[in-house]
1. Could you please let me know if residue 98 is at negative phi and either in a helix (DSSP H, G or I) or open to solvent by less than 40 Å² (accessible area, probe 1.4 Å) (or both)?
2. Among the candidates 212, 200, 150, 166, which residue alone is at pLDDT 95 or above and among the polar types (S, T, N, Q)?
3. Looking at residue 123, is it more than 18 Å from residue 53 (Cβ to Cβ), open to solvent by less than 70 Å² (accessible area, probe 1.4 Å), in contact with an Asp or Glu (Cβ under 8 Å, 6 or more places away or on another chain) and of a type outside the set (A, V, I, L, M)?
4. Being within 16 Å of the chain's Cα centre (by Cα) and surrounded by 19 or more Cβ atoms within 10 Å (Cβ to Cβ) is true for just one of 141, 171. Which residue is that?
5. Limited to segment 158-176, what total is found for residues that are in contact (Cβ under 8 Å) with a residue 24 or more places away in the chain and within 20 Å of residue 30 (Cα to Cα)?
6. For segment 119-169, how many residues meet the condition of being of a type in the set (A, V, I, L, M, F, W, C), touching a Lys or Arg at 6+ places or on another chain (Cβ under 7 Å) and not in a helix (DSSP H, G or I)?
7. How many residues, within segment 30-85, are surrounded by 13 or more Cβ atoms within 10 Å (Cβ to Cβ) and on the phi > 0 side of the Ramachandran plot?
8. Have a look at 113, 91 and point out the one that is open to solvent by less than 10 Å² (accessible area, probe 1.4 Å) and closer than 15 Å to residue 65 by Cα.
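The values are calculated or read from the model by the stated rules, or taken from the named source; none is laboratory data. Since the structure is predicted, the reported quantities are computational estimates derived from the model, not experimental observations. Note that we place each Cβ from the backbone using ideal geometry, even for glycine, and neighbour counts take in every protein chain shown. The area values use the complete protein model at the heavy-atom level, side chains included, leaving out ligands, DNA and RNA. Shrake-Rupley method; radii C 1.70, N 1.55, O 1.52, S 1.80 Å.
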Amino acid sequence: MQNIPTVDTSIKFCHGQERNKGNFTMASLSVEEENYVRMSLILTGISPRAARTFFDSEFAPACLDATIKKEYNKLLDLKKKHRINQSQWNLLCPRFPDVPDSKTFDVTLMILLLRNLTPMNPPQCGFDHLPSEMETTPAADLARIKHYRNHLAHLDDGKLDTGFFNTAWNDITCGVDRLGGQQMKQECDHLKIKPLDQTNQEIMMDIKHSNNEIRQLKESFE
């Protein structure tokens with residue numbers, strides 16, 4: 001039986017304090033830190049699934065490999081212009097017998113494919129700025145998710161002001177509803193209010209996974 005690698009369960013949230021598996025309690029977090037945890041979970045869990053639901057409606061999973069092969073030259077040109085990095089390229093063109101799978105694509109890669117391979121009209125201020133509340137197109141909702149992910153990736157203290165948190169949460173969940181449907185919206189509503197004082201492995205692994213994804217996102221900007 002294969003040994004499961006040991007996971008470092010210490011999680012750093014405030015003033016260098018670490019909480020390990022034995023004494024970790026979410027109740028010890030400040031409101032701002034709890035806001036950060038919830039936002040981290042929605043941006044690395046629910047919102048990418050909503051974006052993928054829309055992506056799969058534009059690029060049918062069964063035809064994704066054929067579509068990418070058809071557009072190979074255009075994608076290669078984007079790679080030469082450094083619009084696609086090597087890690088993303090490996091997902092688009094995996095070694096045989098593997099084929100591309102949207103489940104491995106992050107929001108940034110899905111947006112890049114949609115904006116370059118479909119006739120999608122960009123938001124009024126483009127995909128790199130937060131759209132206004134009046135813009136409710138799929139392109140605007142994708143730009144919203146990307147904006148808040150980038151914002152979270154550049155936070156160093158692991159805290160979110162409650163005013164900003166509530167505004168951003170409403171903005172994200174409305175986009176999730178339009179892109180992914182009512183069930184995902186309900187997941188967002190539950191995540192916002194569910195108690196985070198559990199000490200079980202599941203919630204800790206969720207947070208650890210989220211922090212790893214945020215760290216990888218931050219590294220992609222460096």
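1. No.
2. Only one candidate qualifies: 166.
3. So residue 123 passes the test.
4. 141
5. The total comes to 8.
6. 2
7. 0
8. After applying the criteria, what remains is 113.
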